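Nothing in this text is a laboratory measurement; each read-out follows from the coordinates by a stated rule. Treat the numbers as computed from the prediction; the structure is a model and nothing was measured. Note that we place each Cβ from the backbone using ideal geometry, even for glycine, and neighbour counts take in every protein chain shown.
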Amino acid sequence: MKLPDRLTASENEDSTNNKRFGSDSKLKTQNSKLGLQGSPIVGITTTIPVEIVFAAGYIPSDLNNLFITAEENTMNRALQAAEMEGYPRTVCGWIKGIYGLVAGNHLIKRLIAVTEGDCSQTHALMETLEERGIDVIPFSYPFSREPQLIKYQLAALADRFGIDLAAAEAEKKRLDEVRRLVREIDRLTYEENLVGGYDNHLFQVSCSDFEGNPESFAQKAEKFIAESRGAGRRQAGPRLAYIGVPPIITNLFHIVQELKGNIFFNEVQRQFAMPYLAKDLTEQYLLYTYPYHIRHRIADIQEQIARRQIDGIIHYCQSFCFRQIEDILFRRHLKLPLLTIEGENPGPMDARTKMRLETFVTMLKTTVRS
Ligand code: SF4
């Protein structure tokens with residue numbers, strides 16, 4: 001797919017390579033793949049209106065994706081660095097990982113942090129990173145979900161990047177073409193069983209930053225779609241939904257597959273992919289369920305589990321995350337067998353969780369259609 005040209009980067013950055021955690025070299029590789037050596041990278045701590053970043057000529061880099069795809073050694077050193085700095089043990093692994101990654105990486109000098117609608121721990125993350133000289137740009141999703149307030153936030157962010165919203169709306173049209181491809185990957189997952197839960201997760205979660213280059217990401221998605229259509233249908237087995245934040249457990253999807261379960265719905269990852277193809281940015285970030293009241297997520301999950309004929313739900317909770325409390329409401333409102341699992345630090349699944357997952361999938365195999 002050839003996408004229309006976008007604005008070129010407007011600012012050069014000092015690209016001093018600090019090898020402290022080994023992650024700069026990965027960023028450099030990403031940067032050189034884009035053909036924009038020396039262009040500015042904007043770190044993001046979660047899904048933000050990425051259209052504004054691209055329209056202003058910057059390169060977004062989702063720090064969660066960067067952290068979880070780093071080598072194990074790099075991830076552990078980032079966590080240790082945060083704890084050595086004074087981050088308590090009882091802080092979320094994602095927050096500590098992002099802190100350690102950014103604090104030890106001279107390529108990321110600017111980041112957008114979501115201060116309302118994501119995570120309370122982000123506030124202290126922002127404050128401690130600012131102390132390290134990082135330019136932190138706040139963005140909020142107003143909890144009231146009022147269109148005029150969302151529009152105001154979008155305009156304020158655009159203003160901070162020196163563009164107007166019209167430029168970002170034009171970028172949305174370009175990105176919608178890529179989102180259409182990812183929507184097709186999702187459809188091939190649950191309608192045709194041609195795509196596995198891990199690939200579904202990966203393509204959707206990558207829509208937070210389109211790997212820094214929407215055009216090459218679109219080509220990758222097109223190739224993947226063609227290959228998936230050519231491959232046979234995947235194994236039959238219980239139809240599962242994965243809800244909650246993306247897992248810090250690195251082999252969760254592979255274990256589910258080994259157990260012959262099929263994840264046909266990745267809830268939050270699908271939200272990151274903005275599947276609605278809304279008419280404008282205000283509507284798009286209004287329909288995005290994750291930052292607002294839990295009832296919007298529950299309504300979306302109910303609709304999708306019916307459409308995708310889901311048999312059972314895996315609710316992933318991150319240790320020390322306030323969202324663990326929401327498990328109460330999911331259990332109350334989602335009328336399907338639900339297994340809650342928890343992860344703390346990046347790495348493979350522990351034996352106890354694996355055993356619980358195995359029992360859950362086996363139970364579903366004996367009680368539902370296969
Ligand atoms: S998992 Fe929870 S605590 Fe951790 S960054 Fe996400 S919202 Fe915050």
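Odds and ends about this structure:
- The chain: most fluctuating residue of ALA103, ALA236, ALA351 per GNM, C-alpha cutoff 10 Å: ALA351
- Legend: Rg and Dmax of segment 104-207, from Cα coordinates, 17.4, 50 Å.
- In segment 34-111, GluC sites (Glu not before Pro) in a DSSP loop with at most 16 other beta-carbon atoms within 10 Å: GLU71
- Estimated vicinal HN-Hα couplings, Hz - segment 330-346 in sequence order (Karplus 6.51, -1.76, 1.60; Gly, Pro = x): 4, 5, 6, 9, 9, 8, 9, x, 9, 10, 9, 10, 10, x, 10, 10, x
- Trypsin sites (Lys or Arg not before Pro), loop per DSSP, at most 13 other Cβ atoms within 10 Å - longest free stretch of the chain: 133-232
- Once the Cα-Cα distance is subtracted from the 0.36 nm per residue extended length, the LEU149 to LYS335 segment shows a gain of 63.5 nm.
- Nearest 10 degrees, 0 to 90: helix 351-367 Cα axis against the chain principal axis: 50 degrees
- Helix axis angle, 24-33 relative to the chain longest principal axis, alpha carbon, degrees: 90 degrees
- The chain: calculated mean residue ellipticity at 222 nm from DSSP helix runs of at least 4, using -39500 (n - 2.57): -15000 deg cm²/dmol
- Rg in Å to one decimal, and Dmax rounded to a whole Å, for the chain via C-alpha atoms: 20.0, 59
- Rounded to the nearest 10 degrees, the angle from helix 93-103 to the longest Cα principal axis of the chain is 20 degrees.
- Amide H contacts of GLU342 (H built 1.01 Å from N, under 5 Å, at least 5 apart or other chain): CYS317
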